[in-house]
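Let me begin by presenting the structure, written as structure tokens, before commenting on it.
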Amino acid sequence: MRKLFFSRICLVLVFVCCTNILFAQNTVTEWSPEQQVELFGYCEKPFLIKQLKISEANVDKIGQINNWARLTKIKIQANASDTFATDGEVEEAVIKKYKALGLSGDQLKTLTDRRKQSLSEPCALITLTFNKTYDTIAKPQLQLLFRNKFRKTLMDKLEVNGKQADMLIEAEVWKQKEAIEIAKIPETDFNRIRKTVAMYNDLERKYGFIGITEQQKEGAKTIFKAAD
């Protein structure tokens, strides 16, 4: 009986511990309004201005609308919203607010499609991807490993020369090592996001020195995904 009692106690403790771990992993960090603006500047603002040709004034208004929607959904979750009952109602209001900005049909469609995507997929520029096992491999050895694994594929599939392939490999190895260091920063520290953005911007600059096309650059990223 005593053994059975202690066995049950252990099971309860294991369940509680596992539950606490799950809650910790699923906790969403609530950034300040200033940090939310900064996030919008990283993930959405450049695209809306450069690709959709939306004026900066309207882009800033879009950022305000998105932040309003986020705060309203938080109120709904807390049963503190007097105006909206569901997230779907909030999204309908967002579309109406977008339309009031006087955007073209194409701009509005792309903007709404992009918003739907952003609600389900993380922003790539602030998402840290790396292979933890590379932390134990010195940089020269990692470059040799990547050279043996990717050099021929890069040259054949992207039609780059040997020097360009080597430069692509050097850039990717640098990114992997840099990401491993950034990952040591707690996820609740906004500097982790800032450093991640800076890393990807530096990676883009490195690509710029290689002399490859945008298509070749994206192709290299796809090939290197096998390393993450």
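Bear in mind these aren't lab numbers, they're just calculated from the coordinates by the rules spelled out. Just so it is clear, the structure is predicted and the values come from calculations on it, not from any experiment. With ideal geometry, Cβ positions are generated from the backbone for all residues, glycine too; neighbour counts draw on all protein chains shown.
Which values of log₁₀ I(q)/I(0), to two decimal places, follow from the Debye formula for the chain at q = 0.07, 0.10, 0.12, 0.14 Å⁻¹ with a uniform point scatterer at every Cα?
Computed log10 I(q)/I(0) values: -0.36, -0.67, -0.88, -1.04.
Can you find, among G88, A138, L101, the residue farthest towards the positive end of the dipole of the chain? Put +1 on the C-beta of Lys and Arg, -1 on that of Asp and Glu.
It is A138.
Can you tell which of L71, S32, T196 lies farthest toward the positive end of the dipole of the chain, using +1 and -1 charges on the Cβ of basic and acidic side chains (Lys, Arg; Asp, Glu)?
T196
Mind checking which of A179, A80, A93 has the largest fluctuation in a GNM of the chain, springs on alpha carbons under 10 Å?
For the chain, modelled as a Gaussian network with Cα springs under 10 Å, the answer is A80.
Quick one: putting +1 on the C-beta of Lys and Arg, -1 on the C-beta of Asp and Glu, what dipole do you get for region 132-227 around its Cα centre, in Debye to the nearest 20?
My answer is approximately 200 debye.
Past 30 Å, Cα to Cα: identify those pairs from K53/K116; K99/K217; K116/K221; K53/K206, in the order given.
Correct reply: K99/K217.
Please pull out the direction-averaged projected area of region 132-227, using the convex hull of its alpha-carbon atoms, in nm² to one decimal place.
In nm², the orientation-averaged hull projection of region 132-227 is 6.1.
With a 10 Å Cβ neighbour count serving as the proxy for reagent exposure, in which order, fewest first, do M167, M155 appear?
Neighbour counts put them in this order, fewest first: M155, M167.
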